[in-house]
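**Q** What follows is a structure written as structure tokens; I'll ask about it next.
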Amino acid sequence: MVGASQRMNRSTRVITNLQRFGYRGDVFPINAKYTEILGLPCYPSLAATPRPADTVVIAIPAADVPAVLSDAAARGVRGAVVLSSGFAEAGMAGRERQAALERLAAEQGLLICGPNCYGVFNVRLGSATFSADFGEPPRAGPIALVSQSGGFSHAIAEHLMQQRGVGLSYIVSCGNQAGVAVEDYVEFLLRDDGTSVVGVFVEGFRRPEKLREVGALARERRKPIVALKVGRSENARQAMLAHTGSLAGTPEIVEALLKQCGIVQVATLNEMIDTLVLMAATPRDVPRGWRMVVVSGLGGECGRVADAADRAGVGEPGGQGPETRRVGTEPPVRPGSERGARARPRQTGARLQLLCRRRPGSGGRAPARRGGRAVPRGHRDRDARAPASSRSARRSRRRAEPCGSARRSRRRAEPEES
């Protein structure tokens, strides 16, 4: 951790997260000013560490980053997370510094996340080279997030885990994409067995020609990609240029490309959260097809959804085809009414208007009926087992017994025994 400090800042948060979430590897804080940080020995330089690191996390001024990365690559470090800002989003000098990082990535084979990012979080391993405060320990699950915006990746991850109860496999904030691009992260996550859905917040694609390969891989592995692409307006494009230095591209062309690649596009943060949760809850081994069933207490809503489904090219079953059957003919009972108080729950449920689709080959039988209404299976089986004479005797006793109010009146009229 180059640029570690005893003050709580973005570098210290990385060390805190690694300790808090169970990372089992070695952590080497680097800062010549200190001898110890958060209980760990602090070293003056990369050369002073007892053994080479796998990854270097950098939080120092942007002008010093290229030299540190070059030294790290020479010492065998293969991965780097650059939290520092001041690169392509910071004018001509910043673009020159980012170009130096891109050359290092290409020539040295160094995998660079960032710059101007939060980092990478492997939730299952607790490998949190990620600079954000989490209210609760993250829960592992099937959703992976890739975002150029660090704050966005953190906010959506917190909401999914705390409000929706859905876990994540990876959280990636890639910032300016000087090394590894959004498309590379998505490809890796599609091959990850612990990930079933990938959510992407992107300002600009660095390798758009790779999107077709990524889309084909997603179809092959049956893992949906949900993308929130910003930058349709001129103001948004200018904001993105100042944020991560990304060029958005023509909105219509990007939208058409995403559609051709089979990537699900959403327009708002809430829509992205809902879609990710829905996709994560959908088993991947379901039969293919675009058919749906609408269940609603509002007849008008069913019509509205049917119109929306037709516009989206999604089919739905017919209303009263040969595959449907109607259970019960009486209208539902209003709660609190006299008839509702006398009705049994099973009888009330049987009176609801239900459309039940039979599965092909199920051989389902229509329910037995008595007096125009469906008979619960338990009641039908009990009467079928009893002899005819017993059934007649029970009916006779029920007719002979007084009703409940008459029984209570008779008990009040009888004298109490001493």
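The values are calculated or read from the model by the stated rules, or taken from the named source; none is laboratory data. If you're wondering where the values come from, they're calculated on a predicted model, not measured in any experiment. No Cβ is skipped: glycine too gets one built from the backbone with ideal geometry, and neighbour counts run over all protein chains shown.
**Q** Mind checking which residues of the stretch 65-105 are assigned to a helix (DSSP H, G or I), among the small types (Gly, Ala, Ser) and out of contact with any Gly (no Cβ under 9 Å at 6 or more places or on another chain)? Show your work before the answer.
**A** Taking the stretch 65-105 and keeping what is assigned to a helix (DSSP H, G or I), we get 65-74, 91-105.
Pick out the ones that are also among the small types (Gly, Ala, Ser) and you get 67, 70, 72-74, 91, 93-94, 99-100, 105.
Result: 67, 70, 72, 74, 91, 99, 100.
Conditions (1) assigned by TED's automatic domain parsing to the domain that holds residue 189; (2) acidic (Asp, Glu), marked per residue:
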{"residue": "107", "(1), (2)": "no, yes"}
{"residue": "112", "(1), (2)": "no, no"}
{"residue": "122", "(1), (2)": "yes, no"}
{"residue": "126", "(1), (2)": "yes, no"}
{"residue": "134", "(1), (2)": "yes, no"}
{"residue": "145", "(1), (2)": "yes, no"}
{"residue": "158", "(1), (2)": "yes, yes"}
{"residue": "169", "(1), (2)": "yes, no"}
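**Q** Check whether at least one residue in the stretch 141-157 is among the β-branched types (Val, Ile, Thr) and over 27 Å from residue 274 (Cβ atoms), and report yes or no. Outline the logic, then answer.
**A** We begin by selecting, within the stretch 141-157, every residue among the β-branched types (Val, Ile, Thr); these are 143, 146, 156.
Imposing the further condition that a residue be over 27 Å from residue 274 (Cβ atoms) reduces the set to none.
No: zero hits.
**Q** Would it be correct to say that residue 55 is β-branched (Val, Ile, Thr), within 20 Å of residue 127 (Cβ to Cβ) and either assigned by TED's automatic domain parsing to the domain that holds residue 149 or free of Cβ contacts under 8 Å to residues at least 60 places away in the same chain (or both)? Don't jump to the end; show me each part of the working.
**A** Details: β-branched (Val, Ile, Thr): yes; within 20 Å of residue 127 (Cβ to Cβ): yes; either assigned by TED's automatic domain parsing to the domain that holds residue 149 or free of Cβ contacts under 8 Å to residues at least 60 places away in the same chain (or both): no.
Here the answer is no, as residue 55 does not meet what is asked.
**Q** I would also like to ask the following. So which residues in the stretch 255-299 are at pLDDT below 80, of a type in the set (A, V, I, L, M) and surrounded by 11 or more Cβ atoms within 10 Å (Cβ to Cβ), if there are any at all?
**A** 292
**Q** Still on this structure, I have one more. It is to be established whether one or more residues within the stretch 8-20 are at pLDDT below 95 and β-branched (Val, Ile, Thr).
**A** Yes, the conditions are met somewhere in the stretch 8-20.
Okay, residues lined up against (1) polar (S, T, N, Q); (2) farther than 27 Å from residue 76 by Cβ; (3) out of contact with any His (no Cβ under 9 Å at 6 or more places or on another chain):
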position: 105; (1), (2), (3): no, no, yes
position: 118; (1), (2), (3): no, no, no
position: 121; (1), (2), (3): no, no, yes
position: 126; (1), (2), (3): no, no, yes
position: 153; (1), (2), (3): yes, yes, yes
position: 203; (1), (2), (3): no, yes, no
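**Q** Looking at the stretch 111-118, is at least one residue under 28 Å from the mean Cα position of the chain (by Cα) and among the β-branched types (Val, Ile, Thr)?
**A** The answer is yes; a qualifying residue exists.
**Q** How many of the residues in the stretch 14-29 are under 14 Å from residue 3 (Cβ atoms) and out of contact with any strand residue (DSSP E or B) (no Cβ under 8 Å at 6 or more places or on another chain)? Break it down into steps so the answer makes sense when it comes.
**A** Applying the first criterion (under 14 Å from residue 3 (Cβ atoms)) to the stretch 14-29 yields 14-15, 27-29.
Narrowing the set further to residues that are out of contact with any strand residue (DSSP E or B) (no Cβ under 8 Å at 6 or more places or on another chain) leaves none.
The qualifying residues number 0.
**Q** Next up: If a residue must be modelled with pLDDT under 95 and farther than 20 Å from residue 22 by Cβ, how many such residues does the stretch 117-152 contain?
**A** 5
**Q** Report, by residue number, each residue of the stretch 34-51 that is assigned to a loop (DSSP other than H, G, I, E, B) and either closer than 14 Å to residue 11 by Cα or in contact with a Cys (Cβ under 8 Å, 6 or more places away or on another chain) (or both).
**A** So the first thing to find is which residues in the stretch 34-51 are assigned to a loop (DSSP other than H, G, I, E, B), and the list is 34-35, 38-39, 42, 44-45, 49-51.
Residues satisfying the conditions are 34, 35, 38, 42.
To keep it simple, each residue is scored yes or no on (1) within 36 Å of the chain's Cα centre (by Cα); (2) of a type in the set (A, V, I, L, M, F, W, C).
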site: 44; (1), (2): no, no
site: 60; (1), (2): yes, yes
site: 71; (1), (2): no, no
site: 74; (1), (2): no, yes
site: 86; (1), (2): yes, no
site: 89; (1), (2): yes, no
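**Q** Return the pairs, sorted by first residue and then second, in which the second residue is surrounded by 10 or more Cβ atoms within 10 Å (Cβ to Cβ) and of a type in the set (Val, Ile, Thr), the first residue lies in the stretch 291-306 and is without any contact (Cβ under 8 Å) to a residue 40 or more places away in the chain and part of a loop (DSSP other than H, G, I, E, B), the beta carbons are less than 6 Å apart, and the residues are 6+ apart or on different chains.
**A** The qualifying pairs are 292/314; 294/305.
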